[in-house]
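Everything on this sheet refers to the single structure shown next.
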Amino acid sequence: MPTKLHYFFILLLFRAGMVTGQTDNTLKVLITGLHSSNGSVLVSLFNEDGGFPSQAKKAFKKEKINIVGGIASTTIKDIPPGTYAIAVLHDENNNLEMDTRLFGLPKEGYGFSNNAKGLFGPPSFKDARFAFSPDQIVKINIRY
């Protein structure tokens with residue numbers, strides 16, 4: 001005969017997702033290669049080509065994260081299954097935009113999922129895309 005304690009443990013298991021088989025649909029993003037701890041890192045997660053990588057307002061999710069010891073990391077929650085691409089910017093002066101030099105060359109560090117590189121500009125969504133799986137870790141190395 002089940003007791004109140006049994007029901008309590010069953011409830012805990014359901015809430016933890018152990019009985020239902022639920023997984024935590026989180027995406028962990030680790031950014032390395034930052035040359036200073038100035039400013040912050042802007043992370044834009046895109047779920048479609050439109051706007052990638054420069055129009056952060058079209059991103060599916062965005063994060064602004066702190067830098068500690070040349071590394072920044074974040075966990076983005078509630079990611080549905082699908083294909084995504086990430087663009088990151090080391091916003092050293094916290095003006096929420098990429099500062100550029102002559103001819104539009106970036107002054108601040110940047111990076112993309114798959115550490116994708118473009119030929120004469122940023123990479124395409126296709127080059128940076130990845131199929132999301134729960135509890136995935138995406139590592140991005142910043143370039144300057």
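The values are calculated or read from the model by the stated rules, or taken from the named source; none is laboratory data. Everything numeric in this text was worked out from a predicted model, so none of it was measured. Cβ sites come from the backbone with ideal geometry, for glycine too, and all protein chains shown count toward neighbours. Side chains included, ligands, DNA and RNA excluded: accessible areas come from the protein's heavy atoms. Shrake-Rupley method; radii C 1.70, N 1.55, O 1.52, S 1.80 Å.
For trypsin sites (Lys or Arg not before Pro), the sites in the stretch 81-141 that DSSP calls loop and that have at most 13 other Cβ atoms within 10 Å are ARG101, LYS107, LYS117.
Looking at the square roots a ≥ b ≥ c of the eigenvalues of the Cα gyration tensor of the stretch 21-61, which shape do they give, rounded for a/c under 1.5, prolate if a/b is larger than b/c, or oblate? Note, shape of the stretch 21-61 comes out oblate. For PHE103 and SER37, a Förster radius of 41 Å and the Cβ-Cβ distance give a FRET efficiency of 0.90, rounded to the nearest 0.05. For LYS126, give me every one of the aspartates and glutamates with a C-alpha distance below 17 angstrom, ignoring sequence neighbours fewer than eight places off in its own chain. Hits, sequence-local ones excluded: GLU48, ASP49. Annotation: LYS62 carries an accessible surface of approximately 120 Å², with a 1.4 Å probe and no ligand, DNA or RNA atoms counted. Could you tell me which of rounded, prolate or oblate describes the stretch 55-139, using a ≥ b ≥ c as the square roots of the eigenvalues of the alpha-carbon gyration tensor, with rounded for a/c under 1.5 and, failing that, prolate when a/b is larger than b/c and oblate otherwise? Verdict is oblate for the stretch 55-139.
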